[in-house]
1. Against the condition more than 13 Å from B:M34 (Cβ to Cβ), away from ligand 2 (no atom under 16 Å from the Cβ) and open to solvent by less than 40 Å² (accessible area, probe 1.4 Å), how does B:P99 come out, does it pass?
2. Within segment B:131-166, how many residues are modelled with pLDDT of 95 or more, assigned to a loop (DSSP other than H, G, I, E, B) and either within 13 Å of ligand 1 (Cβ to nearest atom) or not charged (D, E, K, R) (or both)?
3. Which condition from (1) within 16 Å of ligand 1 (Cβ to nearest atom); (2) in a strand (DSSP E or B) is the one that B:W102 breaks?
4. Consider only pairs whose beta carbons are under 8 Å apart and that are at least six residues apart or on different chains; among these, list those whose first residue lies in segment B:147-174 and is hydroxyl-bearing (S, T, Y) and whose second residue is more than 13 Å from ligand 1 (Cβ to nearest atom) and at pLDDT below 95.
5. Against the condition surrounded by fewer than 18 Cβ atoms within 10 Å (Cβ to Cβ), farther than 18 Å from A:Y20 by Cα, more than 8 Å from chain B (Cβ to nearest Cβ) and β-branched (V, I, T), how does A:I108 come out, does it pass?
6. Look through A:A48, A:A52, A:A79, A:A103 and report the one residue that is at pLDDT 85 or above, of a type in the set (A, V, I, L, M), crowded, with 20+ Cβ neighbours inside 10 Å and within 27 Å of B:G110 (Cα to Cα).
7. Quick one: B:K208 ticks every box in (1) free of Cβ contacts under 8 Å to residues at least 12 places away in the same chain; (2) surrounded by 14 or more Cβ atoms within 10 Å (Cβ to Cβ) except a single one, so which number is it?
8. What is the one condition in (1) open to solvent by 10 Å² or more (accessible area, probe 1.4 Å); (2) away from chain A (no Cβ under 14 Å); (3) away from ligand 1 (no atom under 16 Å from the Cβ) that B:I128 does not satisfy?
Amino acid sequence: MLEEKSIEMEKYQPEIDYNYFVAAAVIAARLDQATTIAKQLSLTASNARAVALRAGERAAGFRPLTDFIDRLAEITITASKKINLLAATLSKTSAAKVRSDNAIKHFILVFTKAAESPYINSLNEVFERCKINQEQLTREYQRQIEQLSEELIMLSSELRNAVILATLSRVEASQAGAEYQDALINVADNVEGAAGKIKAHIKYSQQLVSTLK
Amino acid sequence: MKTHKLFENNTHTWLMFGRDEEKATEIIDTNQYMVISKNNALLMDPGGIELFSAMLAAVIKQVPAEKITHLFASHQDPDIISSLGLWDQALPSATLHSPWIWEGFIRHFGMDNITYAPIADEGGEIKIDNVVLEYIPAHYLHSSGNFNVYDREAKILMSGDIGAALEATNAPMFVDDFEEHITKMKMFHQRWMPSNEAKNDWVNRVRKLDVEMLCPQHGRIFKGEKVKLFLDWFEALEVGLTGKNLT
Ligand SMILES: [Fe+2]
Ligand SMILES: [Fe+2]
């Protein structure tokens, strides 16, 4: 079911034609959603731990897996928070960049409109300062995008472990006996589903990042 | 954007900028004013974002950028000062003089470099080089914190939205037929001005000043006897009206 949803979400991804500071804000929002899913994942881990405990000796193999699920949730939450912050900073930088680009555009217009003015050169200093500011913002912006891409790649590779974790969980679940089997398989499904959803958000964010470069 | 010289003596010059042919029709036409003294210039109600490049181009034909050390915003409206974020990049060491009540609001237009000099409710004065200009309180006409700028020497009162008229961008600079002009400014004053009390208070204050030119932010300038005609008309007008009460 969860998997279906994540596929559905991918299908309904809107066309990516955001203005760049809006794109950065959208990335922040996506990672915020990823954080929420990761929190649910951590809840799944504690449920699983309780079930495995009740199942006793037969689910002994499942217990260490719950620790891994926990760790996965934790990594995702930490990384999402970090990416979220990066995206928010990027959004701010790009808004400042839009302002500075805008000012430069206006100044260029003034240079043509008032080309004959005896005082036109008095704008040179202002223009230079704006350009330096714009270049600085552009560098900052590039650096922040690089950082954001790296973080997204790192998180996405961590999430690859979720598939292995789900497979192992299913194997262990099948040995836990009929009474607990369904509950533990459900845990495996949840892990896989949550990871799928988070991955969809990351993929979408990565697509957006690539439009910003 | 046209530039018109209103006054000149050995200490300073008054210029009016307006009638921008390039502006979009949906945007209200505005008049900007500038006082140029020996080493400084004060730009009054510099206008909206839409107008910025036309304004800067017009201004730079008159004075070098660094000479514009002061800006004045009579109140917080977008047609008055939404260009602030761009002036802030153009004139980083300038000072903006504006009603104290609007500081927290006007800063929303983007102000990282320019200094805000709040004007107290009672008004006050600003001295640029040796030229003294007075801030005349005009609160609730229409904005709840609002000032006119008065020049005793030039006998000019920059009156902001008071005396404003809605008319074509190719309109003449000065009011000629006063009766005819009423049709262009009546609704504006009835609808935008909220308080009869504030209006009469202002009329009394301005009657005590020697005004040769009353210069609004929209429309034409009132000159000579037209100033008195305007004050009489405005005093008799009931303001703060909406809907079917408008005439
Ligand atoms: Fe206004
Ligand atoms: Fe206005």
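1. Considered against the rule, which asks whether it is more than 13 Å from B:M34 (Cβ to Cβ), away from ligand 2 (no atom under 16 Å from the Cβ) and open to solvent by less than 40 Å² (accessible area, probe 1.4 Å), B:P99 comes out as no.
2. 15
3. Unmet for B:W102, out of (1) within 16 Å of ligand 1 (Cβ to nearest atom); (2) in a strand (DSSP E or B): (2).
4. Hits for this filter: B:T169/B:R19; B:T169/B:D20; B:T169/B:E21; B:T169/B:K23; B:T169/B:D29.
5. yes
6. Working: A:A48 fails: within 27 Å of B:G110 (Cα to Cα); A:A52 fails: within 27 Å of B:G110 (Cα to Cα); A:A79 fails: within 27 Å of B:G110 (Cα to Cα).
It is A:A103.
7. In the conditions (1) free of Cβ contacts under 8 Å to residues at least 12 places away in the same chain; (2) surrounded by 14 or more Cβ atoms within 10 Å (Cβ to Cβ), B:K208 misses (2) alone.
8. (1)
The values are calculated or read from the model by the stated rules, or taken from the named source; none is laboratory data. For clarity, every value in this text was computed on a predicted model and none was experimentally measured. A quick note on method: Cβ atoms are made from the backbone with ideal geometry, for glycine too, and the neighbour counts reach across all protein chains shown. Accessible surface areas use protein heavy atoms only, side chains included; no ligands, DNA or RNA. Shrake-Rupley method; radii C 1.70, N 1.55, O 1.52, S 1.80 Å.
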